[in-house]
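Notes follow the structure.
The values are calculated or read from the model by the stated rules, or taken from the named source; none is laboratory data. Quick caveat: nothing in here was measured; it's all calculated off a predicted structure. Quick reminder, even Gly has a Cβ in these numbers, built from the backbone with ideal geometry, and neighbours come from all protein chains shown.
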C-alpha cells in the first residue's frame, strides 16, 4: 500500500482532460447504476452540477442540506435524489443524518464533501469553533466518521473533499486554529480549513485503503456563477486584482473563469475515474492529479490558470496525523478508521 505522505504521489497522470473539460467530458463511459452517493451542498453551484451529472450516470444521490427549501427548489425535476436536513455547524444534525442513512442503506459508494463557506466575518459555532473550520473540515470529518461503516461495506468507496487553491493562503495553525489568541483574518481562516481538507484526505486514504476506501481532495478551479463568495467584502476581490473600483469583475478575468459544468468536472472525475483506481490521498485539479508546488509555480490571481499546485505543508504526513488527532479531540469522537 502506498500513501501520499509528503506528496509522494503528486504526479499528473496525463488524464487527457484540462481546465476546459466539463462534467459531460469526464463522465463519458461511466456507469453508476446501483451506486449510492452523498453530496453535501449538492443543491447550488458546482455541487448541483455534480449531483445532476451523477444522477444522469445512474447513481442514487442523497443531498444533505442546511436549507432544505432551497434544495427542493433547485433540485426540482432531478430524479433519483433524496434531500435530508443537515447543518455542518450542528453536530447533532450530522449524527441524526448519518443515523438515518445507516438505518436505510447498507453501503455508501461515494461521499463528496462539497459544502463549504468562504471568506466570512468571524463567526463561531456553539462550541466556540471558528465557522470556516467548523463547516469546511470538522463537520465533514464527523460526517465521514459516522458514515464509516457504510463506506467500508462498499468494497471500493471513494471520499472526495472539495478543497481549493485557497489552501495556499495558510497552513494549518495547530497553536490557535480558532483564532482565540490572534486577530481574525478571514483569508487565513479559509486557507487553513482548505489545508485541513487536503490533510484529511491524505490521512483518511492511508487508514482506509486496507478496507477499499480511497480519499482525495481537489481544487475545482476559479468558477463563475457560484454563491460561495457571497458574503466576502469586495475589498478582498479588489485587493486580488479581479474587480474594479465599482465592484465589477474585469471582463478579461471573467472570460478566464470556469462555468459550473467545468467547475464540477474535477469532483466528478475524482469520484468516478478508473484512472484513480489504486491511487489515493492525492490533491487534484483540472481533472488530473496536481503537481507539488515547491515554489516553482508563479501565481497571478487575475490569471486563474496559474492558480494551481499543492503546497507541501498540505500533504505533510506528520501534519496529517496531528490534524486527525486534533479533530477527534475537538469533536469528541474516536475515528480509528478500522
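Go through region 116-138 and report how many residues are in contact (Cβ under 8 Å) with a residue 60 or more places away in the chain and assigned to a helix (DSSP H, G or I).
5
Go through 307, 323, 292 for me and flag whichever is modelled with pLDDT under 95 and in contact with a helix residue (DSSP H, G or I) (Cβ under 6 Å, 6 or more places away or on another chain).
307
Quick one: how many residues across region 14-32 are assigned to a helix (DSSP H, G or I) and more than 21 Å from the chain's Cα centre (by Cα)? Walk me through how you get there before you give the answer.
Keep residues of region 14-32 that are assigned to a helix (DSSP H, G or I), which gives 23-26.
From what's left, more than 21 Å from the chain's Cα centre (by Cα): none.
Number satisfying all stated conditions: 0.
State all residues of region 87-115 that are out of contact with any helix residue (DSSP H, G or I) (no Cβ under 8 Å at 6 or more places or on another chain) and either surrounded by 23 or more Cβ atoms within 10 Å (Cβ to Cβ) or closer than 20 Å to residue 52 by Cβ (or both); if no residue qualifies, say none.
Once the filter is applied, which keeps residues that are out of contact with any helix residue (DSSP H, G or I) (no Cβ under 8 Å at 6 or more places or on another chain) and either surrounded by 23 or more Cβ atoms within 10 Å (Cβ to Cβ) or closer than 20 Å to residue 52 by Cβ (or both), region 87-115 yields only 109.
Quick check on my filter: what residues within region 100-115 are within 22 Å of residue 200 (Cβ to Cβ) and assigned to a helix (DSSP H, G or I)? Please lay out each step first, then the result.
Taking region 100-115 as the starting set, the residues that turn out to be within 22 Å of residue 200 (Cβ to Cβ) are 101-102, 107-115.
Residues satisfying the conditions are 101, 102.
Restricting attention to region 139-171, and to residues there that are in a loop (DSSP other than H, G, I, E, B) and surrounded by 24 or more Cβ atoms within 10 Å (Cβ to Cβ), which single residue is nearest to the chain's Cα centre (by Cα)?
Quick first cut of region 139-171, residues in a loop (DSSP other than H, G, I, E, B) only: 147, 153-157, 163-164, 170-171.
Then drop every residue that is not surrounded by 24 or more Cβ atoms within 10 Å (Cβ to Cβ), which leaves 157, 163-164.
Details: 157: 16, 163: 4, 164: 8 Å.
The qualifying residue nearest to the chain's Cα centre (by Cα) is 163.
Scan region 72-96 residue by residue and report those that are under 30 Å from residue 332 (Cα atoms) and in a helix (DSSP H, G or I). Working first, answer last.
So in region 72-96, the residues under 30 Å from residue 332 (Cα atoms) come out as 82-96.
Selection gives 91, 92, 93, 94, 95, 96.
Exactly one of these conditions fails for residue 284: (1) surrounded by 18 or more Cβ atoms within 10 Å (Cβ to Cβ); (2) out of contact with any helix residue (DSSP H, G or I) (no Cβ under 6 Å at 6 or more places or on another chain); (3) within 30 Å of residue 175 (Cα to Cα). Give me its number.
Single failed check for residue 284: (2).
Test each condition in (1) closer than 18 Å to residue 308 by Cα; (2) part of a helix (DSSP H, G or I); (3) modelled with pLDDT under 95 for residue 267 and report the one that comes out false.
Of everything listed in (1) closer than 18 Å to residue 308 by Cα; (2) part of a helix (DSSP H, G or I); (3) modelled with pLDDT under 95, residue 267 misses just condition (3).
Quick one: in region 166-179, which of the residues that are touching a strand residue (DSSP E or B) at 6+ places or on another chain (Cβ under 9 Å) and at pLDDT 95 or above is farthest from residue 282 (Cα to Cα)? Please lay out each step first, then the result.
The first filter runs over region 166-179 and keeps only residues touching a strand residue (DSSP E or B) at 6+ places or on another chain (Cβ under 9 Å), leaving 166-168, 177-179.
Filter once more, keeping what is at pLDDT 95 or above: 167-168, 177-179.
Details: 167: 14, 168: 16, 177: 24, 178: 26, 179: 28 Å.
Taking the candidates together, the pick is 179.
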